Protein chains: 2
Amino acid sequence: MTTYADSGVHLGDARAITDRLAAIAARTRGASVLADVGAFGGMFSLGAWGQLKEPVLVASTDGVGTKVMVAAALGRYDTLGHDLVNHCLNDIAVQGARPLFFLDYLALHRADPDVVTALVGGVAEACRLAGCALLGGETAEMPDVYAPGGFDIAGFVVGIVDRAEIGRNGEPEVEDFLVGLPSSGLHTNGYSLARRALPPVTWDRYEPSLGTTVGEALLAPHRSYLDEIRSLTDAGARAFAHITGGGIPENLPRVLSPTVAAVIHRHSWEPPAIFRLIAEAGAVAGDEMERVFNVGIGLVAVVPSDRLDAVLAAVPEGQPIGRLVERQSDERLRFVGEHAGRGTG
Amino acid sequence: MTTYADSGVHLGDARAITDRLAAIAARTRGASVLADVGAFGGMFSLGAWGQLKEPVLVASTDGVGTKVMVAAALGRYDTLGHDLVNHCLNDIAVQGARPLFFLDYLALHRADPDVVTALVGGVAEACRLAGCALLGGETAEMPDVYAPGGFDIAGFVVGIVDRAEIGRNGEPEVEDFLVGLPSSGLHTNGYSLARRALPPVTWDRYEPSLGTTVGEALLAPHRSYLDEIRSLTDAGARAFAHITGGGIPENLPRVLSPTVAAVIHRHSWEPPAIFRLIAEAGAVAGDEMERVFNVGIGLVAVVPSDRLDAVLAAVPEGQPIGRLVERQSDERLRFVGEHAGRGTG
């Protein structure tokens, strides 16, 4: 947590912030964390992982995009840490890794101790839930880069996997099923478009179709698929796509070999109300929605047909949303049909 | 490098940027890097480190503060990556770690391909010089968070050390020497104060005492102490303080046990001209300068007295700048005397 000490925040606040963040981070730390507050880098022992034949570290970094502006407008700073951590965790979990530790970078116009504590507190809580140590972080006050009330937050996660475990259920093949898991909202992508369709003036409005306000629905935290990915892998899933920026069309082909293509059946699920609201309020075309948002599917698992029953038994919220076919052209992914609830919602 | 694909940049630029960044990152990668572009997390094998008894990962995150504003004003985007990487590398090197890999987070008002390529190109070049893989990164376009032309950049580094190697030269003790290594400028701290003392209108001005313009002097990259730290450790240095935000008074005590205090002899070095210029132009008191800037010393090594000659032979640019004494009060660090060139520069 050392780097909080050289944060450049107002001197009066800096010490109080450092102490509060140290206490917050301490709650996430097990015996593997060696360095105390005051060290220049956080130290994490791999002693407990000595049984791995060839340990492979898997790392990812991400932000939460302009979701920071929704949080700032609503004055809700406790959920963004869950967004940040869960986005990063999902990115390494789809590669088969278990999380080891996380670091956060937070830059603000003004490092208000309550705002900083809420933001980093959310990061720490999400880390704790995932069994991941919050090993360190940096809090920087940059009044000339960020507007009053403005800030940005980024995260960095490191996980571990044994090389022999990578791809142990085989490569995706023709006739494999695509099993989708529901998203918990927009997750952390598409907020620039969402904010154009649903501007701040709408955020206090209660929407019956959402069962909450527009702002609360936009701020719904990015969920973690850590446990589901583990269960799905044990049940036979071969590969996973985390549906982030670019939607299913950008993210699913990443895990497919060049000889297969994906067919996605829209009728197999109904996009949640927040997506219908964005499409209608912003006059966003359906295929544009699919290229920008997760439209209700936050994770896609590739499952051999003889493992489909086992997979759906292991993770009941999973639903078949498509299939792999032989690739015939440049096209790597095709949507067919219309969504189940289209026109009725 | 996957996460560059979900960067949210303008669609026309995104593909071009992704391809250019993938090529840039590829130059930094050795056999340990397993994941190809398109994976969700970068993969780094520890197979080559199997001989370590208890491998310990050391991680750090940092930004470059408002040095980003100097770079933007001068239109020079190639050096900030060196600042970012070297700051992070120094932070883990002082803990005894060798760098494994680095990830960058870049957020901009507008992801101009040339600016992004120059920024990440600098990151990659600094990584390559240090034998560190650029494993991944995220580029986010956030026009409502950053002002036109504005951006922020943060980095994350992971290194490795054998637990038995940590502190192998013993703990800092009374009578140990403090050996300082020159900084290459402001490094990455104190820019908010420096920009108040020397505002943008001065940056084009040629300053004879600097031998260059004010802007160029402010933008001088943060140097790496990686090789020097290794040589100093082999020669017997016990501990290192990387002098970042908070200067020597905040950073050196971090590595000292509670029973010792540091005495720093100002007469043992002369602060470079850029610090004198800031102090004079901004009417900044000497002790305030010492609390904000490195004032010419970027790294302090703690050296047992019987190893001083060996240390100075191994790293000739090192110079004794003080000594450890028995701690008598709350005071953990004291400056004595005046700088060598005071009043003559």
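Counting only other chains, what is the mean number of Cβ atoms within 10 angstrom of the Cβ of each residue in peptide A:43-51?
Numbers: counts 12, 6, 5, 9, 5, 1, 2, 3, 0.
Counting other chains' Cβ atoms within 10 Å and averaging over A:43-51 gives 5.
Please compute the Kirkwood hydrodynamic radius over the protein assembly as shown, one decimal place, Å, based on all pairs of different Cα atoms. Spell out each step's value before the answer.
On the way: mean 1/r = 0.0385 Å⁻¹.
Result for the protein assembly as shown, one decimal place: 26.0 Å.
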Of B:Cys88, B:Gly47, B:Thr66, which is farthest towards the positive pole of segment B:2-165's charge dipole, taken about the Cα centre with +1 and -1 on the beta-carbons of Lys, Arg and Asp, Glu respectively?
B:Gly47
Give me the extension gain from B:Ala31 to B:Arg230: residue separation times 0.36 nm, minus the current Cα-Cα distance, reported in nm with one decimal.
69.3 nm
Which residue, chosen from B:Ile166, B:Ser257, B:Ala279, occupies the Cα position most advanced towards the positive end of the dipole of segment B:156-289, where the dipole is computed from +1 (Lys, Arg) and -1 (Asp, Glu) charges on Cβ about the Cα centre?
B:Ala279
Between the modelled labels at B:Arg15 and A:Trp49 (7 Å from Cα along Cα→Cβ) the distance in nm is 3.7 nm
Taking B:Lys53 as the anchor, which lysines have their alpha carbon closer than 19 Å to its alpha carbon, excluding any fewer than eight residues away along the same chain?
A:Lys53
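Show me B:95-101, A:163-169, B:327-333, B:214-220 ranked by packing, highest mean number of other Cβ atoms within 10 Å first.
In decreasing order of mean packing, B:95-101, A:163-169, B:327-333, B:214-220 become B:95-101, B:214-220, A:163-169, B:327-333.
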So, in nm and shortest first, the distances from B:Pro182 to its counterparts in the other copies, with label points 7 Å along Cα→Cβ, work out as 6.5
Any idea what the relative contact order of chain B is, in percent, if you count C-alpha pairs under 8 Å spaced at least 6 apart?
21 percent
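Using mean Cβ contacts within 10 Å as the protection proxy, how do A:79-87, A:225-233, A:102-110 order, highest first? The partial results should precede the final answer.
Details: A:79-87: 27.4, A:225-233: 20.0, A:102-110: 25.6.
With the highest mean Cβ count within 10 Å placed first, the list reads A:79-87, A:102-110, A:225-233.
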With 31 Å as the cut-off, how large is the P(r) tail for chain B, expressed as percent of Cα-Cα pairs?
38 percent
With each label point set 7 Å from Cα along the Cα-Cβ vector, what nm distance links B:Ala285 and B:His267?
2.4 nm
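Estimate the FRET efficiency between A:Val336 and A:Glu173 by the formula 1/(1 + (r/R0)^6), using the beta-carbon distance for r and 22 Å for R0, to the nearest 0.05. Walk me through the numbers before you get to the answer.
Details: r = 20 Å, r/R0 = 0.92.
Computed FRET efficiency for A:Val336 and A:Glu173 comes out at 0.60.
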Compute the label-point distances linking A:Pro316 to its equivalents in the other copies; points lie 7 Å from Cα along Cα→Cβ; give nm, one decimal, shortest first.
7.6
Run the simple label-point estimate for A:Val325 and B:Ser329 please: 7 Å along Cα→C-beta, distance reported in nm.
8.2 nm
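If I take every Cα pair under 8 Å that is 6 or more residues apart in segment A:2-165, average their sequence separation and divide by the length, what percent do I get for the relative contact order? Don't jump to the answer; show the numbers that get you there.
Numbers: 329 pairs, mean separation 60.3, N = 164.
The normalised contact order for segment A:2-165 reaches 37 percent.
As a check on your grasp of the helix formula, calculate [θ] at 222 nm for chain A: sum -39500 (n - 2.57) over DSSP H runs of n ≥ 4, divide by the residue count, round to the nearest 500. Don't skip to the answer; put the middle values down first.
Numbers: 11 runs with 107 residues, N = 345.
One gets -9000 deg cm²/dmol as the mean residue ellipticity at 222 nm.
Taking the Cα centre of segment B:107-236 as the origin, how large is its charge dipole in debye, to the nearest 20, when only Lys and Arg (+1) and Asp and Glu (-1) carry charge on their Cβ atoms?
It works out to roughly 300 debye.
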Have a look at the DSSP beta bridges in segment B:2-165 and tell me what percent are antiparallel, nearest 5.
70 percent
How far, in nm, would the chain grow between A:Ile166 and A:Tyr206 when pulled straight, counting 0.36 nm per residue and subtracting the alpha carbon separation?
9.8 nm
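Each value in this text was obtained by applying a stated rule to the coordinates, not by laboratory testing. In this text the structure is predicted, and so the values were computed from the model without any measurement. Ideal geometry is used to build each Cβ from the backbone, glycine not excepted, and the neighbour counts take in all protein chains shown.
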